[in-house]
Structures are given as C-alpha cells and as structure tokens.
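Below: one structure, written as structure tokens.
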Amino acid sequence: MLTIANRLKSALDTIQDSALKAGRNPQEILLLAVSKTKPNQAIREAWNAGQRMFGENYVQEGIQKIADLSDLEGIQWHMIGPLQSNKTKVVAEHFDWVQSVDRAKIAERLNEQRPEDLAPLQVCIQVNISDEDSKSGLLPEEVMPLAETISQLPRLNLRGLMAIPAATESEQEQRFAFTQMQDLYHQLKQKYPQVDTLSMGMSGDVDMAIACGSTMVRIGTAIFGARDYPASQG
Ligand SMILES: *Cc1c(COP(=O)(O)O)cnc(C)c1O
C-alpha cells in the first residue's frame, strides 16, 4: 500500500519531470498539499515527510486544523476556497495566505482584520479564466484594478494570481487558459515587482500548468487519496 510519504514523493517527482521537460528549474515550482476533508493525522504524515505548505477550502475546517496542528513547526496554511465576507475575520486571524481574493470588499476586510502581531497576509487574486458558470474569481480585465486596491492595503501583501480552469479533455483548451494566466501574471509582475506566485495546476493538469509558467501547483487527491465527501460541501 502506498503511504502519504510515497505519494508526496511521486508528486514532487512529477513536478521535477514537468519542469525539466519545460526547461525550467524545478525549484521555481512549489507544491501546495491540498488537505481539505482529510484528517489531522494525514497532515501530520505529510509534515513528517517534509511537506510544509497546506491548502484548505472551508473556513471552519481550516481553522480547526490550524489549532489542532499548531505544534507542527514551519507549517504554512493557505485558504484556497471561496470566501464570504462574514468569514473574513477568522481567516485573517489564522491563515498565512489567502489565494481566493476576488473583490475589493474581501480584501479590505482582510486588511482591517489582520492582527498587528502577525506578518501581513499573503494574497493572490483568483481569476475566473474559463469557467463562466463558476461564481469564484473575477474576470481577467478586473485583475489590475483589484491589484491596485490591494497594493494600497498595508496588512496585505499581493503575491500573484490563482486560477482553477474548467476541467477539459482538450489539451488546446487547457493550454489556452493557462497561457492567458501566464500573460496576466507577467503584466501584474511588471507593475508589482514583489509578485512571484502563479498558482495553477492540480492533480490532473500539472504538466501543462508547469509548461505555462506555474510557480505553485495545488495537489490533493494524488497525495491524500480520493476525498470522502464532495468538494462542494461546506
Ligand atoms: C480541491 C482543490 C485542489 C486539489 O484538487 P485535486 O484534484 O484533489 O488535486 C486544488 N485547488 C483548489 C482550489 C481546490 O479546491
């Protein structure tokens, strides 16, 4: 039976292979282990195997895990799920990153609610790149105005962009979405030099995401196995 440590190792190998194939340095690409719905013990196992960055989608579940696992040194928590404005306070108080910022109101609340004794909250803007039906993420043309707002907020540090392209069998469609993200990322980076994160690529499309410049892939199933309850459940 494969352990979490085995699967983590093979996720890192996949990243390395894809990077080398794309002529990139594998160290430019970080692995976010997406632990939503998975028990604390699974996260401990991944931490023991050297993983430090974890992604959670649901606020209550996330803050419970952050409290339960506070003994794990160097652990870093990323909020990657949709965020409602009535939940921003606990997120600002407990997470290190929020990758799913998609409107000024959320950014402003996170800024006001980030405790002074913590480092600024690291944020990415979530872009709705191909899935018109999804309510998460903003349109590409709305990215620069929101980035301008975020850059004025002292308790937030704009790090880049995140996207979840619509699932597709077509490599061409996949490449098109990722390439659009890459273009947007370069525009953003030109204006805001601290920007260093293009978060895209999941268990099924890591290779293409890395070929198109991803600097952070978010992998759940391939590390922790299939989830027991659906991703849409809050
Ligand atoms: C669940 C989730 C992932 C991980 O998906 P897998 O298919 O399990 O690798 C990545 N990013 C986001 C935003 C997610 O919600």
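Just so it is clear, none of the values below were taken in a lab; they were calculated from the coordinates. If you're wondering where the values come from, they're calculated on a predicted model, not measured in any experiment. Heads up, the Cβs are rebuilt from the backbone with ideal geometry, glycines too, and the neighbour counts pull from every protein chain shown.
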Quick check on this structure: which one of L158, L184, L138 is in contact with an Asp or Glu (Cβ under 9 Å, 6 or more places away or on another chain) and touching a residue at least 12 places away in the same chain (Cβ under 8 Å)?
L138
Taking only region 103-132 into account, find how many residues are over 16 Å from S151 (Cβ atoms), in a loop (DSSP other than H, G, I, E, B) and touching a Pro at 6+ places or on another chain (Cβ under 8 Å).
3
Taking region 59-72 and keeping only residues that are crowded, with 19+ Cβ neighbours inside 10 Å and within 16 Å of the ligand (Cβ to nearest atom), one is left with V59, G62, K65
I'd like to check something: does region 22-45 contain any residue that is over 22 Å from D196 (Cα atoms) and without any contact (Cβ under 8 Å) to a residue 24 or more places away in the chain?
yes
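The rows are residues; the columns are (1) among the aliphatic types (A, V, I, L, M); (2) in contact with a Lys or Arg (Cβ under 6 Å, 6 or more places away or on another chain).
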{"position": "N6", "(1), (2)": "no, no"}
{"position": "D17", "(1), (2)": "no, no"}
{"position": "L32", "(1), (2)": "yes, yes"}
{"position": "K38", "(1), (2)": "no, no"}
{"position": "I43", "(1), (2)": "yes, no"}
{"position": "R52", "(1), (2)": "no, no"}
So which helices (runs of 4 or more DSSP H) stay within region 133-234 end to end and still have 2 or more residues that are away from the ligand (no atom under 13 Å from the Cβ)?
143-151, 171-191, 206-211
Total residues in region 88-101, condition more than 16 Å from the ligand (Cβ to nearest atom) and buried (at least 19 other Cβ atoms within 10 Å of the Cβ)
3
